[in-house]
Amino acid sequence: MKHFLTSLGLAVLLTACGPSKNTSNDLAVSNPIATTINLTTVSNDKVPVSIDPGRFTEETVTYYLPKVVQGTYSVSAFGRFIEDFKALDYNGKPLQFTHPEENTWVITNAKQLDKIVYDVNDTFDQEEIGGIGKDMPFSPAGTNIEEKNYVLNLHGFIGYFDNLKNNQYTLDVTAPATFKHTSALQATASKSSADGSVTNSYFAPRYFDITDNPMMYGDLSIEEFMVGDIKVVLSVYSPNYVHTAADLKPSMYKMMEGQKAYLGDVNSTPRYDIFLYLADATPEAPKGFGALEHHTSTVVVLQEAMPIDILEKSMIDIVAHEFFHIVTPLSVHSEDVHYFDYNNPTFSKHLWMYEGVTEYFAQHFQIHEGLMTNDEFYAQIMDKIKTATYFDDSMSFTLMSENILNAPYADNYINVYSKGALIGMCIDILMREESNGQRSMLSLMKELSGRYGMNKPFNDDELIAEISAMTYPSVANFLKMHVEGTTPIDYNVFFNKVGLTLGDKKVETSFIQDGNGFIFGGDQEKMTLFFSESVANNSFWTEEGILPNDVIKEVGGTLLTLQNAQTLIGNMYQWQPEDDYEIKIERDGEAMIFKGKLKQAYTVSKSLMEDENATTPQKELRKAWLKG
Ligand SMILES: [Zn+2]
């Protein structure tokens with residue numbers, strides 16, 4: 001056997017520089033929890049894990065996997081993916097334990113506990129629908145075990161002991177030497193073995209760092225680039241080699257340069273990891289598309305079938321959002337977030353800020369840095385206003401946020417990305433109006449991150465009063481009426497301040513939408529999908545001769561069923577002008593085929609536009625808002 005150390009890492013340095021320790025102290029409270037994940041001995045789609053704490057002095061200890069992970073606002077219950085759990089004594093004999101609840105194991109006779117071993121099953125291939133708040137964890141928070149790829153969201157593999165959450169962890173991941181890997185967690189060493197495996201060692205200061213630092217192993221493409229003083233590492237898994245990290249690097253670089261310029265002197269991170277998993281159309285592939293933020297990384301799951309320009313656009317929207325989370329909640333957050341309880345969490349009232357303001361920045365920086373036109377930005381705002389109409393407009397945002405796991409609040413969660421972002425927009429306009437363009441939503445967030453920061457949480461109940469005191473009566477009143485209160489926002493008031501107006505306009509649309517939403521309806525009884533009245537407001541289908549109530553039978557020669565409807569319609573969304581298309585419909589009991597070349601579709605839509613009669617002060621405030 002041959003092995004060598006390739007680097008001396010933080011764990012070694014810490015031991016070397018730290019106060020000298022009594023080496024005979026083997027107590028659990030004073031030693032790192034040594035954990036291993038072995039990707040070379042996967043059997044039946046399960047990865048073996050071992051957890052080796054120091055010696056306990058208690059009679060009973062409790063081990064948990066997280067029920068909820070940060071940033072998801074839904075129940076994941078990672079304990080249910082653990083199989084063949086064993087607690088072993090110092091002689092390797094099994095100890096008694098109870099399993100009172102799916103995420104909890106109580107080990108009796110804990111003084112004898114040497115280590116815990118178990119197998120972990122993955123979540124990606126168990127997803128049926130995908131999405132947030134469904135039965136399975138949202139894919140970007142989930143886990144993947146397949147021959148060529150491992151998504152190691154470590155909160156799905158490694159748990160914590162009730163009294164050792166602040167203990168250090170070491171983690172050894174053993175994998176075939178042919179695997180590429182990237183990790184947001186601090187690497188300390190790497191050892192090769194004669195059997196063709198490599199063991200990489202990592203160090204985590206506490207359990208939080210285990211949950212906050214995902215890894216990806218397997219057949220990856222990886223690119224690195226510098227954005228100012230941040231090293232960005234982009235890792236892409238594309239099962240059929242459709243897209244690579246190199247393909248996405250130019251657009252990611254341009255976007256993140258813009259973000260860095262927008263943020264200015266905000267404290268950031270020396271390294272930022274982007275993990276992109278591209279799902280193909282196999283049944284085992286993940287179905288919850290989107291991303292989950294961490295302090296110094298993000299995990300993104302999207303569809304491999306997307307053409308590169310649509311993939312780039314999605315990545316810009318998603319990664320911009322995730323990267324801006326370094327402002328909030330990462331450096332401005334409440335005690336609920338800071339002292340997060342993975343099994344009995346309480347939730348902050350301020351999702352309007354964590355998710356809403358973050359999403360607003362992700363759109364606003366693009367106009368501010370010249371990455372989108374004024375009209376594109378206005379269209380994004382209208383899109384958010386339209387999406388927000390699907391949710392309860394008179395629900396208090398703070399009340400929803402605090403109760404986000406429960407009905408009726410949970411179903412309104414997605415509105416944090418729509419109405420939440422619009423709340424950010426309104427406060428931004430008010431801040432600029434009141435300060436003659438000197439202050440903004442961003443400058444307010446910077447002030448808050450100066451007061452608080454990554455290691456200093458705010459008191460959840462005091463934030464609104466504090467912002468009110470830091471800003472203006474108009475901002476205080478807005479927060480009281482529209483964030484804490486239940487009064488819907490009249491956006492026209494804000495558009496008027498910046499000389500914008502609403503009017504009908506011919507705009508480009510997709511092959512599945514008009515200006516207001518989808519152009520389909522469903523018949524629950526007959527289990528069919530048909531073109532709705534809205535199809536009359538889609539130029540392409542109207543010119544082709546499609547009528548409302550035409551029932552869709554086949555798309556591109558594939559029979560449309562309840563099972564594949566989402567995929568087929570999703571594919572139609574990605575159709576491009578000049579492509580050939582064919583659909584079969586049924587009208588009054590008669591089958592008809594429409595086919596030919598696709599042409600750009602247009603619709604007439606309520607659009608936000610610049611008011612030709614805007615006054616100079618209105619135009620000045622608009623300029624301060626968009627470019628100030
Ligand atoms: Zn977010």
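The values are calculated or read from the model by the stated rules, or taken from the named source; none is laboratory data. All figures in this text were calculated on a predicted structure; none of them were measured in a lab. Every residue, glycine as well, gets a Cβ built from its backbone with ideal geometry; the counts of neighbours run over all protein chains shown.
Total residues in the range 329-370 satisfying the condition of being within 11 Å of the ligand (Cβ to nearest atom) and touching a strand residue (DSSP E or B) at 6+ places or on another chain (Cβ under 8 Å): the figure is 1.
One residue stands out among those in the range 69-107 that are out of contact with any Asp or Glu (no Cβ under 9 Å at 6 or more places or on another chain) and among the acidic types (D, E): the one that is nearest to the ligand (Cβ to nearest atom), which is E102.
Whether any residue in the range 333-347 is at pLDDT below 90, more than 30 Å from Y63 (Cβ to Cβ) and more than 16 Å from the chain's Cα centre (by Cα) is what I want to check. No, there is no match, as no residue in the range 333-347 is at pLDDT below 90, more than 30 Å from Y63 (Cβ to Cβ) and more than 16 Å from the chain's Cα centre (by Cα).
Could you tell me whether I519 is in contact with a helix residue (DSSP H, G or I) (Cβ under 9 Å, 6 or more places away or on another chain), buried (at least 16 other Cβ atoms within 10 Å of the Cβ), free of Cβ contacts under 8 Å to residues at least 40 places away in the same chain and under 30 Å from L608 (Cβ atoms)? Break it down stepwise before answering.
On the way: in contact with a helix residue (DSSP H, G or I) (Cβ under 9 Å, 6 or more places away or on another chain): yes; buried (at least 16 other Cβ atoms within 10 Å of the Cβ): yes; free of Cβ contacts under 8 Å to residues at least 40 places away in the same chain: yes; under 30 Å from L608 (Cβ atoms): yes.
Against the criterion (in contact with a helix residue (DSSP H, G or I) (Cβ under 9 Å, 6 or more places away or on another chain), buried (at least 16 other Cβ atoms within 10 Å of the Cβ), free of Cβ contacts under 8 Å to residues at least 40 places away in the same chain and under 30 Å from L608 (Cβ atoms)), I519 qualifies.
The range 529-628 holds strands (runs of 3 or more DSSP E) entirely within its bounds, and those carrying 3 or more residues that are surrounded by fewer than 13 Cβ atoms within 10 Å (Cβ to Cβ) and of a type in the set (D, E, K, R) map to 590-597. For the range 260-316, filtered to residues that are small (G, A, S) and in a strand (DSSP E or B), the residue that is farthest from the ligand (Cβ to nearest atom) is A279.
Residues checked against (1) outside the structural domain of Y277 (by TED's automatic domain parsing); (2) under 26 Å from V68 (Cβ atoms); (3) in contact (Cβ under 8 Å) with a residue 24 or more places away in the chain:
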| position | (1), (2), (3) |
| --- | --- |
| D135 | yes, yes, no |
| N153 | yes, yes, yes |
| Y160 | yes, yes, yes |
| K165 | yes, yes, yes |
| V173 | yes, yes, yes |
| Q186 | yes, yes, yes |
| S193 | yes, no, yes |
| Y202 | yes, yes, yes |
| P214 | yes, yes, yes |
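Sub-6 Å Cβ pairs linking a first residue in the range 18-32 that is within 16 Å of A110 (Cβ to Cβ) and surrounded by 10 or more Cβ atoms within 10 Å (Cβ to Cβ) to a second residue that is at pLDDT 85 or above and among the small types (G, A, S), at least 6 apart or interchain, are D26/G54; L27/G54; A28/G54; N31/G54, ordered by first then second residue. A11 fulfils the conditions (1) of a type in the set (A, V, I, L, M, F, W, C); (2) modelled with pLDDT of 95 or more; (3) buried (at least 19 other Cβ atoms within 10 Å of the Cβ) except for a single criterion, (2). Scanning the range 502-520 for residues that are part of a strand (DSSP E or B), of a type outside the set (F, W, Y) and under 15 Å from L568 (Cα atoms) yields a single hit, Q513. Scanning the range 351-373 turns up no residue that is part of a loop (DSSP other than H, G, I, E, B) and either in contact with a Pro (Cβ under 8 Å, 6 or more places away or on another chain) or buried (at least 24 other Cβ atoms within 10 Å of the Cβ) (or both).
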